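Report on the following structure.
The values are calculated or read from the model by the stated rules, or taken from the named source; none is laboratory data. Just so you know, these numbers come straight off a predicted model, no measurement behind them. We place every Cβ from the backbone using ideal geometry, glycine too, and count neighbours over all the protein chains shown.
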Amino acid sequence: MKYRMLCLLLITFQWLQAQEEIVKSVYFKFDSDVLEQTQAEALLKFVKEIDSTTVESIQIYGYCDDFGKDVYNLKLSTNRADKAKKALIAGGVKNKIIVTIEGKGRILIDDDILDDLPDVRKKNRRVDVVVKMKEIPPVKLPGLHYELAADMVVGDRIYLEQIVFERGSSQLTAKSKVVLEKLAAQLLKFKNLCFEIQGHVCCTPHSNEAVDKKTKKRELSKNRALTVFNFLKNKKIDPRRMTHKGYGNTKSLKAGQAMDRRVEFLITKI
């Protein structure tokens, strides 16, 4: 169908931001677990600049260089992690959000690292504060659909290909009535959906609106929307869920006159 091809860019899409971790490291002097004031302030500033509503948890890990015995380094790295935790709590970070405080001991250095050995060891004497962010749920953006669904969002448009009108007419065809019968059954199921019924016309060169041959007035698109409104109302759809409006020829699909003699539905409230 040409209309489907023309409207590919309007199809609903989703985006999902994966769960994220943000890491802040502070570095210690050799064989020391003293967290300097400037370092404590830097850690606190780092955490407080993150929107607290997006933070799931904080994990703190301490490390040492490759000097010394394993038992000693494990204790030193644990002390470093604990100092970082205490600095955050003293600054107002809630204890319950800090889920891990762990000393990892020493970090072994690869044998092929020679030139940067002092710098590598310095960077291994550190604490990593890992802020784990909450996973952001998928955001469903408004798009174009060909039927109703349970996961509609405000701004979704529903185009039903079989709801068309004869030239100059606001009367439903037999085929349109069958489609609207099915739509009414769906609307009774999805009671949360509120929508605008939008009427359209084609090719009116001297006016945005066309003449309804039944009323002899320039109100064809308005009457088409009203006809559908009344049909659904008669099928027990609560009229408070519906509004109706005629758009004349201002929203042509550029896909032929028959397709412009149509009614669409715009989701206005969930």
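Pairs please, first residue from the range 250-268 and surrounded by fewer than 16 Cβ atoms within 10 Å (Cβ to Cβ), second anywhere and among the aliphatic types (A, V, I, L, M) and assigned to a strand (DSSP E or B), Cβ atoms under 8 Å, 6+ apart in sequence or on different chains.
Within 8 Å, the pairs are ALA258/VAL164.
Rundown of residues vs (1) among the aliphatic types (A, V, I, L, M); (2) under 19 Å from MET259 (Cβ atoms), yes/no style:
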residue	(1), (2)
GLU161	no, yes
GLU166	no, yes
VAL179	yes, yes
CYS194	no, no
ILE197	yes, yes
SER207	no, no
VAL211	yes, no
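Being closer than 28 Å to PHE30 by Cβ and either touching a residue at least 12 places away in the same chain (Cβ under 8 Å) or not assigned by TED's automatic domain parsing to the domain that holds ASP51 (or both), is that true of even one residue in the range 131-150? Show your work before the answer.
Of the residues in the range 131-150, the ones closer than 28 Å to PHE30 by Cβ are 131.
From what is left, the residues that are either touching a residue at least 12 places away in the same chain (Cβ under 8 Å) or not assigned by TED's automatic domain parsing to the domain that holds ASP51 (or both) are 131.
Yes.
With the requirement that a residue be in contact with a Phe, Trp or Tyr (Cβ under 9 Å, 6 or more places away or on another chain), in a loop (DSSP other than H, G, I, E, B) and over 20 Å from GLY246 (Cβ atoms), what does the range 137-173 give you? Spell out how you get there, then give the answer.
So in the range 137-173, the residues in contact with a Phe, Trp or Tyr (Cβ under 9 Å, 6 or more places away or on another chain) come out as 138-141, 143-146, 148-150, 152, 156-161, 171-173.
From what is left, the residues that are in a loop (DSSP other than H, G, I, E, B) are 138, 141, 143, 146, 148-150, 152, 156, 171-173.
Selection gives PRO138, LEU141, GLY143, TYR146, LEU148, ALA149, ALA150, MET152, ASP156.
Looking at the structure I just gave you, is PHE28 touching a residue at least 24 places away in the same chain (Cβ under 8 Å), surrounded by fewer than 17 Cβ atoms within 10 Å (Cβ to Cβ) and closer than 18 Å to GLY105 by Cβ?
On the way: touching a residue at least 24 places away in the same chain (Cβ under 8 Å): yes; surrounded by fewer than 17 Cβ atoms within 10 Å (Cβ to Cβ): no; closer than 18 Å to GLY105 by Cβ: yes.
In short, no.
With ILE101, ILE60, ILE97, ILE109 as the choices, which residue is assigned by TED's automatic domain parsing to the domain that holds LYS24, touching a residue at least 40 places away in the same chain (Cβ under 8 Å) and farther than 22 Å from LEU43 by Cα? I'd like the intermediate steps shown before the answer.
Numbers: ILE101 fails: farther than 22 Å from LEU43 by Cα; ILE60 fails: farther than 22 Å from LEU43 by Cα; ILE97 fails: farther than 22 Å from LEU43 by Cα.
Only one candidate qualifies: ILE109.
Applying the selection to the range 240-269, what residues are charged (D, E, K, R) and under 18 Å from LYS191 (Cα atoms)? So that I can check it myself, show each step before the final result.
As a first pass, look at the range 240-269 and keep what is charged (D, E, K, R): 240-241, 245, 251, 254, 260-262, 264, 269.
Scanning the range 240-269 gives ARG240, ARG241, LYS269.
Here's a check for you: in the range 154-190, which residue that is free of Cβ contacts under 8 Å to residues at least 12 places away in the same chain and not aliphatic (A, V, I, L, M) is farthest from LEU141 (Cα to Cα)?
THR173
Which of the residues belonging to the range 177-225 are part of a loop (DSSP other than H, G, I, E, B), of a type in the set (A, V, I, L, M, F, W, C) and over 20 Å from GLU147 (Cβ atoms)? So that I can check it myself, show each step before the final result.
Filtering the range 177-225 down to residues part of a loop (DSSP other than H, G, I, E, B) leaves 190-193, 200-211, 213-216, 218-219.
Imposing the further condition that a residue be of a type in the set (A, V, I, L, M, F, W, C) reduces the set to 190, 193, 201-203, 210-211.
Within the range 177-225, VAL201, CYS202, CYS203, ALA210, VAL211 qualify.
Do we find that GLU181 is surrounded by fewer than 14 Cβ atoms within 10 Å (Cβ to Cβ), of a type in the set (Asp, Glu) and modelled with pLDDT of 90 or more in this structure? Please lay out each step first, then the result.
On the way: surrounded by fewer than 14 Cβ atoms within 10 Å (Cβ to Cβ): yes; of a type in the set (Asp, Glu): yes; modelled with pLDDT of 90 or more: yes.
In short, yes.
Mind telling me which of the residues LEU193, LEU253 ends up being modelled with pLDDT under 90, closer than 20 Å to PRO142 by Cα and not small (Gly, Ala, Ser)? Even if it seems obvious, please write down each step before you answer.
Values: LEU193 fails: modelled with pLDDT under 90.
Just a single option satisfies the conditions, and that option is LEU253.
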